[in-house]
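Scroll down for the structure; my scribbles are underneath it.
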Ligand code: GTQ
């Protein structure tokens, strides 16, 4: 792509003249809007869980979950200040519900994932069914479903919220409303969805109208066990170690239409081959520790720390001990639009 042609007094006057008429000369901006490679303000960044947690506990002294509606600290990308974005297309927050509190029922067209960071007992209710939230569980709130959360234990419950807020914003398609009551009525027994759709079976004749998985809690215990058993075969992907995609059992696609989620195991001492992809990715440390080399920067991570690899930034992961990472990105959207690209290795 060629650089913008030189400015002259005459050209500048022309640009200024057409601006009030809501026109712009393509040749003056072309290189900036059609870049030869992804160009983003999104920066590599890491948040330590201890710091985020301490700020949330501080916030709990300032506001209740009910008054806040959701007591969440947004993890805002330092390159995207003021936008409430963790990457250009996705949102990330950490939510705290104190013992006995509820986050009142509401619904919105944004889809959410929860990844449980700390729990002695708490639930989220979606579409008339409650699910217990345990450490490492990946829980889905599909778009436009009523949802409320509660803490039934005597210790704080914290989880990570991943939402497609910037995508919905991009399409100007946001709708939201409160339920009017703290909690929605519970109409289905706990575990019903998992029984119906999570046992490699589903009700005969079942057809899904919406493009999201009917399983709304993927328990960590099951996912972690799969990784542990596969470890024995030692068939490591050079770029990812052992990386598993959460699937929608109805069609084998991603569990959510706008957010792709994965759980990955890097064995002790493993160093990945360099990898880059167009889907900026949010990683969450689950077990163990390691470091991510992102371009020229290095980020040391431990359990519950969160870090971001921006689009088309080369990443190398190193594990100090057997390490588990949860991650999410907009890959399902890019795949549907034919935009997703990746490069394995250095070339
Ligand atoms: O729990 O419903 O972090 O609506 C941001 C918006 C969480 C939620 C967030 C939300 C929620």
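The values are calculated or read from the model by the stated rules, or taken from the named source; none is laboratory data. Everything numeric here is computed off the predicted structure, so don't read it as measured data. With ideal geometry, Cβ positions are generated from the backbone for all residues, glycine too; neighbour counts draw on all protein chains shown.
Tabulated data
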quantity	calculated
The stretch 131-150 residues that are under 23 Å from residue 178 (Cα atoms) and without any contact (Cβ under 8 Å) to a residue 40 or more places away in the chain, paired with ones that are assigned to a strand (DSSP E or B) and within 11 Å of the ligand (Cβ to nearest atom) (beta carbon under 8 Å, 6 or more apart)	144/107; 144/108; 145/107; 145/126
Within the stretch 19-47, tally of residues that are in contact with a strand residue (DSSP E or B) (Cβ under 8 Å, 6 or more places away or on another chain) and more than 15 Å from the ligand (Cβ to nearest atom)	5
Candidates 96, 90 - the one that is in contact (Cβ under 8 Å) with a residue 60 or more places away in the chain, crowded, with 24+ Cβ neighbours inside 10 Å and more than 23 Å from residue 262 (Cα to Cα)	96
Residue 128, sole failed condition from (1) closer than 28 Å to residue 247 by Cα; (2) under 20 Å from the mean Cα position of the chain (by Cα); (3) surrounded by fewer than 21 Cβ atoms within 10 Å (Cβ to Cβ)	(2)
Every residue from the stretch 48-60 that is in contact (Cβ under 8 Å) with a residue 12 or more places away in the chain, under 25 Å from residue 309 (Cα atoms) and more than 14 Å from the ligand (Cβ to nearest atom)	48, 49, 53, 55
Test: residue in the stretch 189-205 that is in contact with a helix residue (DSSP H, G or I) (Cβ under 6 Å, 6 or more places away or on another chain), touching a residue at least 12 places away in the same chain (Cβ under 8 Å) and closer than 19 Å to residue 143 by Cβ	no
Elements of type strands (runs of 3 or more DSSP E) in the stretch 61-178, at least 3 residues being away from the ligand (no atom under 12 Å from the Cβ) and under 27 Å from residue 48 (Cβ atoms)	112-118
The stretch 192-218: number of residues that are assigned to a loop (DSSP other than H, G, I, E, B), crowded, with 19+ Cβ neighbours inside 10 Å and within 18 Å of the chain's Cα centre (by Cα)	4
Strands (runs of 3 or more DSSP E) wholly inside the stretch 226-291 containing at least 3 residues that are surrounded by fewer than 19 Cβ atoms within 10 Å (Cβ to Cβ)	242-245
Single unsatisfied condition, residue 168 versus (1) over 25 Å from the mean Cα position of the chain (by Cα); (2) modelled with pLDDT of 95 or more	(1)
